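Participant: One structure, as structure tokens, below. Some questions next.
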Amino acid sequence: MKVQVNADMCEGHAKCEKAAPEVFKVGDDDVSVVLVDEVAPELVEKVERAIRMCPRQAISWAKV
Ligand code: SF4
């Protein structure tokens, strides 16, 4: 599965990075970037947590 961050909505609170540091990294520009092309099955739960924790609802699973 692929996950995406809407850069226009992201405000760099880094809750995503805290929930799933293997997947999200907030850059110097305060926008979170996705570090992986595909989310490994064992990280799906962490990404789900990041989606719930993001105060801006900026994270979503990418439609295939
Ligand atoms: S938690 Fe949401 S708003 Fe905050 S850095 Fe992550 S994607 Fe951006």
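Participant: Looking at region 16-36, I want the residues that are on the phi > 0 side of the Ramachandran plot and have a partner that is near the ligand (Cβ under 7 Å from one of its atoms) with Cβ atoms under 6 Å, at least 6 apart or on another chain. Which pairs are those?
Facilitator: The qualifying pairs are D30/G12.
Participant: Just to be sure I understand, how many residues within region 1-36 are out of contact with any His (no Cβ under 9 Å at 6 or more places or on another chain), polar (S, T, N, Q) and closer than 16 Å to R49 by Cα?
Facilitator: Total meeting the criteria: 1.
Participant: Among the residues of region 6-23, is any charged (D, E, K, R) and part of a strand (DSSP E or B)?
Facilitator: First, pick out the residues of region 6-23 that are charged (D, E, K, R): 8, 11, 15, 17-18, 22.
This time we only want the ones that are part of a strand (DSSP E or B), so: none.
Scanning region 6-23, I find no residue that is charged (D, E, K, R) and part of a strand (DSSP E or B), so the answer is no.
Participant: Considering only residues of region 24-47 that are touching a helix residue (DSSP H, G or I) at 6+ places or on another chain (Cβ under 9 Å) and in a helix (DSSP H, G or I), which is surrounded by the most Cβ atoms within 10 Å (Cβ to Cβ)?
Facilitator: Here the answer is V47.
Participant: How many residues, within region 51-64, are closer than 11 Å to V5 by Cα, outside any strand (DSSP E or B) and in contact with a helix residue (DSSP H, G or I) (Cβ under 7 Å, 6 or more places away or on another chain)?
Facilitator: Within region 51-64, the subset closer than 11 Å to V5 by Cα is 51, 54, 56-62.
With the extra rule that they be outside any strand (DSSP E or B), the set shrinks to 51, 54, 56-58, 62.
Subset that is in contact with a helix residue (DSSP H, G or I) (Cβ under 7 Å, 6 or more places away or on another chain): 54.
The number of residues fulfilling the criteria is 1.
Participant: Kindly evaluate V39 against the criterion of being at pLDDT 95 or above and within 10 Å of the chain's Cα centre (by Cα). Show your work before the answer.
Facilitator: On the way: at pLDDT 95 or above: yes; within 10 Å of the chain's Cα centre (by Cα): no.
No.
The values are calculated or read from the model by the stated rules, or taken from the named source; none is laboratory data. Model, not experiment: these values are computed from the prediction. Using ideal geometry, Cβ is built from the backbone for each residue, glycine included, and neighbour counts are taken over all protein chains shown.
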